[in-house]
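Report on the structure given below.
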Amino acid sequence: MDLSERKLGILKAVIDDYIMTGLPIGSRTISKKHGFDLSSATIRNEMADLEELGFLEQPHTSAGRIPSQKAYRYYVDRLMRVVKLSPAEAEKIKRYFKDRMSEVEQVMEKAAQALSDSTHHISMVLRPQLKRSVIKRIQMVKITERKAILLVITNAGLVTDTVIVVPEGLTPSYLEMIGGLLTEKLSKKTLEEAEQDLFCCLRENIGINSDFVSDIISAIETSVEPQGERGIVLSGTQKIIEFPEYMSVEKARNFLSVLETKEMLYDMMKEATKLEFSVTIGQENLVKELEDMSIVTATYKIGGESLGSFGVIGPTRMDYGKVISILGYVSNSLNSIFSNFIESDD
């Protein structure tokens, strides 16, 4: 839908002011603050037209107007400007990553903190989905009579480990042989490519019970692609109560209950990995409790592949341009860190 330049200017002014204040915006405020060479009556008429077109809403008869979800979508698609972060803002984010980090978990935690503190929204970081990365080596190290650590080393320079139960009587050298067999099978393939015939390979070559074979395969899959609660890191959940929209205890409680269901967030962020950036506003979100929230996501790359996503959840009146700018900076930071992982591994 094409709007006149005058309507566009007024709509943008209403959205910008409402994002900043959270208060309904009146025609007099627009006239005084934004320098339109128009009378309050003219602006009021234009705002009435925008309301009729579905871009503005009037919460109370005597109040000013607020943007609708349709207005935010129009704003993001056509009016928003992604501004470059100031040196101070960039330095604040950079400080989270200044310490040398060798563990993926450390990087994920720091990224979540940086996002939450910089945007003042709830942040979500999806752990790397490594099924599409090439497995370089798999090792099985016996730690007790009935337990071993399964180590998975990828071409992305990342190491994951999972404790598994082993049948009684298996020697360390036998477990080493299994690791060598797995490495040979997965060499130059992704787990996604190799997993279909992995069971047959193990069952035929190591001659042990199928339950243990299934446990090994399950441990590898869990290790390279943690699911549900293990697959996502959250930060800043308490920030939701800082917004007037969530001053209601019941409303805040309903929303926080959604965050506790990390499986839903995991599925949502896994889907977001397919897009470099995504913005879903209000009822575009499929979860009822998120129908008056917005979610902005971005991806990070490991070895040139988009293997994870991260983002924020906040009120629909979030500062989209600033949030996208912050996500872009964090994305570059993560890409750089994971590139260093790969170089150090080589």
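The values are calculated or read from the model by the stated rules, or taken from the named source; none is laboratory data. A quick note: this is a predicted structure, and the numbers were derived from the prediction, not measured. Note: ideal-geometry Cβ built from the backbone for every residue, glycine included; neighbour counts use all protein chains shown. Protein only, heavy atoms only, side chains kept; ligands, DNA and RNA dropped before computing areas. Shrake-Rupley method; radii C 1.70, N 1.55, O 1.52, S 1.80 Å.
For the Cα atoms of the chain, what angle does the longest principal axis make with the long axis of helix 104-119, in degrees from 0 to 90, nearest 10?
Taking the Cα atoms of the chain, the angle to 104-119 is about 10 degrees.
Rank His121, His34 by accessible area, highest first, at a 1.4 Å probe radius? Don't jump to the answer; show the numbers that get you there.
On the way: His121 10, His34 70 Å².
Largest to smallest exposure gives the sequence His34, His121.
Rounded, prolate or oblate: which fits segment 91-132 when a ≥ b ≥ c are the square roots of the eigenvalues of the alpha-carbon gyration tensor, with rounded for a/c under 1.5 and prolate only if a/b beats b/c?
Oblate, since a/c reaches 1.5 and b/c is not below a/b.
Could you pull out every one of the lysines with an alpha carbon less than 20 Å from that of Lys92, ignoring same-chain neighbours closer than 8 positions?
Lys84, Lys110, Lys239, Lys322
Would you list which lysines come within 21 Å of Lys188, measuring only between C-alpha atoms, while excluding same-chain residues fewer than 8 positions from it?
Lys131, Lys136, Lys301
Could you tell me how many cubic angstrom of Cα convex hull volume segment 37-173 has per residue?
In segment 37-173, the Cα convex hull volume per residue is 239 Å³.
Relative contact order of the chain, please, whole-number percent, based on alpha carbon pairs below 8 angstrom and at least 6 residues apart.
Relative contact order of the chain: 19 percent.
Please report, as a whole percent, how much of the solvent-accessible surface of segment 56-172 comes from carbon and sulfur atoms (probe radius 1.4 Å).
Values: 2970 of 5950 Å².
Percent of accessible area from carbon and sulfur atoms in segment 56-172: 50.
For segment 62-114, take every pair of Cα atoms, bin their distances at 10 Å starting from 0, and report each bin as a whole percent.
Final binned percentages: 19, 25, 25, 22, 7, 1.
Provide the net charge surrounding Lys251, with neighbours chosen by a C-beta distance below 10 Å and charges set as Lys +1, Arg +1, Asp -1, Glu -1.
Result for the neighbourhood of Lys251: -3.
What range in the chain is the longest one free of GluC sites (Glu not before Pro) that are in a loop by DSSP and have at most 10 other Cβ atoms within 10 angstrom?
169-346
Working from Cα positions, state the angle (0 to 90°, nearest 10) between the long axis of helix 87-96 and the longest principal axis of the chain.
Helix 87-96 sits roughly 30 degrees off the main axis of the chain.
Lys and Arg at +1, Asp and Glu at -1: add these up for the other residues within a Cβ distance under 12 Å of Thr29 and post the number.
Net charge in that neighbourhood comes out at +3.
Rank Arg146, Arg317, Arg65 by mean-square fluctuation in a GNM of the chain with C-alpha springs under 10 angstrom and give only the top-ranked residue.
The residue that fluctuates most here is Arg146.
Enter the accessible area per residue of the chain (Å², integer; probe 1.4 Å; all protein chains in place).
50
Tell me the angle of helix 210-224 to the major Cα principal axis of the chain, expressed in degrees between 0 and 90 and rounded to the nearest ten.
40
Which value, in Å to one decimal place, does the Kirkwood hydrodynamic radius take for the chain when every pair of different Cα atoms is included?
22.9
Between Rg and the Kirkwood Rh of segment 246-346, both from Cα atoms, what is the Rg to Rh ratio?
On the Cα set of segment 246-346, Rg over Rh gives 1.05.
Can you grab the distance from the C-alpha centre of segment 1-73 to the C-alpha centre of segment 75-89, Å, no decimals?
For segment 1-73 versus segment 75-89, the Cα centre distance is 21 Å.
Under 1.5 on a/c is rounded, so check that first for segment 1-80, then, if it is not, pick prolate when a/b is larger than b/c and oblate when it is not; a ≥ b ≥ c are the square roots of the alpha carbon gyration tensor eigenvalues. Don't jump to the answer; show the numbers that get you there.
Details: a/c = 1.32, a/b = 1.14, b/c = 1.15.
It is rounded, given that a/c, with a ≥ b ≥ c, falls under 1.5.
Between Thr61, Thr297, Val287, whose Cα lies farthest towards the positive end of the dipole of the chain when Lys and Arg beta carbons carry +1 and Asp and Glu beta carbons carry -1, centred on the Cα centre?
Thr61
With contacts defined as alpha carbon pairs under 8 Å and 6 or more residues apart, what's the relative contact order of segment 1-98 in percent?
Contact order relative to length: 26 percent.
For the chain, modelled as a Gaussian network with Cα springs under 10 Å, which listed residue fluctuates most, Val323, Val312, Val249?
In the Gaussian network model the winner is Val249.
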